[in-house]
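The values are calculated or read from the model by the stated rules, or taken from the named source; none is laboratory data. Predicted, not measured: the structure shown is a model, and the values here were computed from it. Heads up, the Cβs are rebuilt from the backbone with ideal geometry, glycines too, and the neighbour counts pull from every protein chain shown.
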Amino acid sequence: MLGRHRKDARPGVPSNERLIFHIDMDAFFASVEVMCRPKLKGKPVIVCGKPTTRSVVAAASYEAREYGIHSAMSSVEAFRLCPHVIAVEGNPGQYIYVSLELLRIYKERSTIVEPYSIDEAFVEMTGTECTWENCEEVARAIKDRIRERFPGLTASIGIGPNKLVAKMCSGFQKPDGVSIIRPGEFTAFFGGRGVTNIWGVGDKTAVALSLMGVTTIGELAAFPVAMLRRRFGIMGEILHMMAVGRDDTPVTPYFEGMPVKSMGHEHTLPADTWDIAEAERVLLRLSDQVARRMRKKGYLGNVISMRLRFSDFDSVGRQKKIEFYTDEERVIYRVARDLMHRHWRPGQAIRLVGVNCSGLVRIPEVLQIDLFRQREEDSHRKLLAAIDAIRDKFGEHAITRARLIRHDAKTWSSTTGSRRVSEPRFLRMGVGSGERANQSLMAGWHDAAPNLDTVPLPPGLSSSPFDMLRHQDLEDRKRAGKE
Ligand code: TTP
Ligand code: MG
Ligand code: MG
């Protein structure tokens with residue numbers, strides 16, 4: 001019963017006996033991409049934005065890091081350091097999916113899980129059957145579960161008596177490490193290290209401290225609190241607390257409620273139409289509105305429905321459950337359009353078009369913001385940038401929509417100068433061999449409701465990126481065979 005909190009425990013309440021895990025995935029975006037394309041395993045890989053010269057490295061595989069490549073570096077610089085580095089365009093939806101699944105794994109161990117970023121979470125182990133004696137074993141079991149669910153993905157886990165210490169030590173043994181700092185061990189581990197090792201202390205504070213003769217965490221811990229207070233105000237006291245490894249902040253589980261059940265829009269045409277292309281255009285605009293609203297409110301959904309009302313006021317409504325969660329208009333539109341085509345008979349004049357997305361789940365805000373931070377650093381515009389980045393990528397312009405249909409897997413290399421299409425990233429999502437290789441990554445996540453319309457779409461018109469990419473792969477292979 002590792003996942004249950006003992007009755008007498010008060011998890012989340014500050015105490016001297018807390019036991020917290022901080023779990024951070026290793027080279028997260030890059031590892032997910034490598035998992036999807038095993039051919040990239042062991043190679044220097046970077047994940048970037050769009051293939052432009054202004055693109056920035058979001059994540060670098062550990063092999064790429066050997067060349068000095070790191071996050072936030074320009075891709076041009078990365079290619080200069082390692083001309084054969086393989087650059088892959090990021091797939092936000094994929095990372096969100098894996099991220100949410102990881103939270104589910106952590107929740108098998110504790111009811112109190114706080115996502116801290118797209119690839120990080122705090123897990124309150126206080127009051128569970130995880131103790132200081134068996135915590136390493138539990139950490140290794142979590143890592144095994146992650147690997148079992150997502151082959152090739154590794155995590156580094158920091159274990160401490162509070163969030164600060166857990167967070168500060170999770171990076172100690174990257175990649176694939178477990179680091180434990182027990183109560184009372186903080187100073188022995190961190191006392192000799194520079195103040196920037198404190199979570200939240202940046203270069204600016206470090207410079208201010210160095211002017212006071214403080215460079216190490218040990219020196220900061222010994223420095224008179226009153227003087228720190230005079231120099232930094234209330235932050236001075238916090239700095240002192242952090243320097244001695246104290247932190248009482250609770251692990252706060254993310255909001256899981258689902259107050260909103262669905263989001264949809266309808267539009268009555270100015271004049272009834274027999275032209276399905278016109279109805280499609282309306283549907284596309286409505287899908288865009290729905291998707292934007294979902295993104296704005298931070299929801300993903302997996303049931304898409306379409307409604308048509310005809311000139312005789314007769315109406316038809318159909319829905320389809322898809323295999324994954326989405327907030328993209330391209331997916332909503334394609335599914336709704338398919339439903340529309342199948343339930344409209346030529347000769348029926350259309351009066352109203354509606355689209356709706358339900359089965360909603362909420363994305364923790366940290367995930368939304370963090371995901372796009374490579375594109376926009378300015379903190380107060382992060383959220384806007386995230387929405388705009390999605391708009392730019394999947395938004396309302398026809399040119400972007402054309403990309404939706406192709407949904408290319410893109411790998412490009414500076415040595416060839418031209419982009420080439422790589423093997424699809426989803427092809428081997430169930431990475432491994434034999435049966436596993438054929439399993440969809442989504443398998444077992446959410447069963448399709450049997451009473452819903454789940455007729456498969458024709459190849460190439462599928463609602464699922466998995467199918468689209470499989471289809472794409474077949475096409476690529478056919479082409480390659482001909483060349
Ligand atoms: P990190 O956990 O900081 O980095 P990482 O997981 O790639 O590598 P490490 O093994 O050192 O933990 O960030 C998680 C993901 O967030 C990362 O894979 C990509 C994304 N990210 C950006 O988009 N921009 C950035 O500047 C950073 C640092 C990360
Ligand atoms: Mg990480
Ligand atoms: Mg991280």
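Worth a mention:
- Selection within segment 78-105: residues that are in a helix (DSSP H, G or I) and polar (S, T, N, Q). The member of this set that is farthest from ligand 2 (Cβ to nearest atom) is 94.
- Breaking point among (1) farther than 30 Å from residue 191 by Cβ; (2) buried (at least 16 other Cβ atoms within 10 Å of the Cβ), for residue 236: (1)
- Pairs are defined by a Cβ separation below 7 Å, a sequence spacing of at least 6 or placement on different chains, a first member in segment 91-102 that is within 12 Å of residue 35 (Cβ to Cβ) and in contact (Cβ under 8 Å) with a residue 60 or more places away in the chain, and a second member that is hydroxyl-bearing (Ser, Thr, Tyr) and assigned to a helix (DSSP H, G or I); no pair meets this definition.
This table checks each residue for (1) closer than 22 Å to residue 170 by Cα; (2) modelled with pLDDT of 90 or more; (3) within 14 Å of ligand 1 (Cβ to nearest atom).
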| site | (1), (2), (3) |
| --- | --- |
| 3 | yes, no, no |
| 18 | yes, yes, no |
| 40 | no, yes, no |
| 50 | no, no, yes |
| 59 | yes, yes, yes |
| 66 | yes, yes, yes |
| 78 | no, yes, yes |
| 108 | yes, yes, no |
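- For segment 106-137, a residue qualifies if it is over 16 Å from residue 250 (Cα atoms), in contact with an Asp or Glu (Cβ under 8 Å, 6 or more places away or on another chain) and either assigned to a loop (DSSP other than H, G, I, E, B) or hydrophobic (A, V, I, L, M, F, W, C) (or both), and the qualifying residues are 118, 119.
- Any hit, segment 122-135, residues being under 18 Å from residue 26 (Cα atoms) and within 16 Å of ligand 3 (Cβ to nearest atom): yes
- Among the residues of segment 109-126, just one is over 21 Å from residue 180 (Cα atoms) and away from ligand 2 (no atom under 15 Å from the Cβ), namely 111.
- Residue that is surrounded by the most Cβ atoms within 10 Å (Cβ to Cβ) [pool: residues in segment 20-31 that are within 8 Å of ligand 1 (Cβ to nearest atom) and closer than 19 Å to residue 115 by Cβ]: 29
- Pick from segment 108-132, criterion in contact with a Pro (Cβ under 9 Å, 6 or more places away or on another chain) and not hydrophobic (A, V, I, L, M, F, W, C), ranking: nearest to residue 165 (Cα to Cα): 124
- The set of residues in segment 149-169 that are closer than 14 Å to residue 125 by Cβ and part of a helix (DSSP H, G or I) comprises 163, 165, 166.
- In segment 326-355, of all residues being surrounded by 23 or more Cβ atoms within 10 Å (Cβ to Cβ) and in contact with a His (Cβ under 9 Å, 6 or more places away or on another chain), the one that is farthest from residue 92 (Cα to Cα) corresponds to 353.
- Checked against (1) more than 16 Å from ligand 2 (Cβ to nearest atom); (2) under 27 Å from residue 59 (Cβ atoms); (3) surrounded by fewer than 15 Cβ atoms within 10 Å (Cβ to Cβ), residue 176 meets all criteria but (1).
- Taking the criterion of being of a type outside the set (S, T, N, Q) and free of Cβ contacts under 8 Å to residues at least 40 places away in the same chain, the residues of segment 67-81 that qualify are 67, 68, 69, 70, 73, 76, 77, 78, 80, 81.
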